[in-house]
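For reference, the structure discussed in these notes is given below.
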Ligand SMILES: [Zn+2]
Ligand SMILES: [Zn+2]
């Protein structure tokens, strides 16, 4: 693989990661899995609140990895507003 190509793909990846973060901040009240419901579940122990209750159940059933940081989720805490 030529070195220039490798460099370009690295730059592209960095740009993608950057825009991801911005989108995340714009919609920080919505579940990052379905983008329909409000976030209401906190994952322990990374303490990310990023999904609704329904999606959190799905995540727990599918291996229990936090969609934000991919940490193993020990348990969930439902936040009430
Ligand atoms: Zn959801
Ligand atoms: Zn997390």
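Below are the figures for this structure:
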quantity: Hits in region 44-58 (condition: surrounded by 15 or more Cβ atoms within 10 Å (Cβ to Cβ) and either more than 17 Å from residue 79 (Cβ to Cβ) or under 11 Å from the mean Cα position of the chain (by Cα) (or both)); calculated: 48, 49, 50, 51
quantity: Selection within region 29-38 - more than 7 Å from ligand 1 (Cβ to nearest atom), free of Cβ contacts under 8 Å to residues at least 24 places away in the same chain and in a loop (DSSP other than H, G, I, E, B); calculated: 29, 35
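Values in this text are rule-based calculations from the coordinates and carry no lab data. Remember, it's a predicted structure, so these values are computed and weren't measured experimentally. Cβ coordinates were reconstructed from backbone atoms using ideal geometry, including for glycine residues, and neighbour counts include every protein chain displayed.
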